[in-house]
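The values are calculated or read from the model by the stated rules, or taken from the named source; none is laboratory data. Worth saying up front: this structure is predicted, and the values here are computed from it rather than measured. Cβ: placed from backbone, ideal geometry, glycine included. Neighbour counts: every protein chain shown.
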Amino acid sequence: MSEKLKIVLVDDQNLCRSGLSELLASCYGFAVLGATGDLDGLRVLLHEQPDLLIMDLRMKPLDGLAMLEQIRREGCSIPAVILTMSDSEVDLTNAIRAGVRGYLLKDMAPEDVVDAIRRVAAGELVVAPTMTIKMIDMLRGDQRGQEPKSSLKLLTEREREILQLLSRGESNKAIAQTLAISYDTVKQHVRHILNKLNLSSRVKAAVLFTTEQNTPKNGDAPPR
């Protein structure tokens, strides 16, 4: 990174805030603008124009997703990463639907958390490695010992290109500009992608792409 990534931390536990702040401050390329545990404090820190929010999920009185929804209504579009103890599939799904760019677990190794944050900053959608299989199973309705009902192998090369851009949060208009094709053509490709993968939304398609890319194949080491 040519400039430091400006980060705001949101967690209602002082120990977690200070620990994560010290971790990121010690790493090259990060600048922690501040940390808070409530919505009012977040509103103040947003005036510092951060590049990324890192938020806990379970907070009182307003949880992380409710807080994110509130600032989105107020016009804030800054990318957000959830850092939580919850490995619930429901929480993960709700977070992805809320538009977060990462879902990380607090029991991850510090270096893996830092790496994941860098990847989010580079435009990836990042899910904690231990959550990827859960997400794939949930999205694809897999049963143990059976072949997956949906597979990226079903997609054409162009459809995979579009799905990769979609997984980075690109709009149909932006994808059309990147690939030098029409907006309507992108819409048609997205529709074909969802039909082939038997998925109901582009968010699920993006998550499926990300999780399959990050899931180690037989004999491979887990992604770092």
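Scanning region 159-189 for residues that are of a type in the set (A, V, I, L, M, F, W, C) and within 20 Å of the chain's Cα centre (by Cα) gives 162, 163, 165, 166, 174, 175. If you go through region 9-26 and keep only what is over 18 Å from residue 65 (Cβ atoms) and surrounded by fewer than 18 Cβ atoms within 10 Å (Cβ to Cβ), you end up with 14, 15, 18, 19, 22, 23, 25, 26. Here the condition is being hydrophobic (A, V, I, L, M, F, W, C), assigned to a strand (DSSP E or B) and under 16 Å from the mean Cα position of the chain (by Cα); of 65, 53, 92, it holds for 53 alone. Of all residues in region 25-44, those satisfying the criterion of being in a helix (DSSP H, G or I) and out of contact with any helix residue (DSSP H, G or I) (no Cβ under 7 Å at 6 or more places or on another chain) are 25, 40, 41, 43, 44. Against the condition among the aliphatic types (A, V, I, L, M) and touching a residue at least 40 places away in the same chain (Cβ under 8 Å), how does residue 67 come out, does it pass? Against the criterion (among the aliphatic types (A, V, I, L, M) and touching a residue at least 40 places away in the same chain (Cβ under 8 Å)), residue 67 qualifies.
Sort out which residues of region 167-216 are at pLDDT below 80 and of a type in the set (Val, Ile, Thr), and write them in order of number. Hits for region 167-216 are 203, 207, 210, 211, 215. For region 175-192, a residue qualifies if it is in a helix (DSSP H, G or I) and β-branched (Val, Ile, Thr), and the qualifying residues are 175, 178, 185, 186, 190.
For region 9-24, a tally of residues being over 15 Å from residue 51 (Cβ atoms) and in a helix (DSSP H, G or I) returns 10. For region 53-66, filtered to residues that are aliphatic (A, V, I, L, M) and surrounded by fewer than 20 Cβ atoms within 10 Å (Cβ to Cβ), the residue that is nearest to residue 102 (Cα to Cα) is 66.
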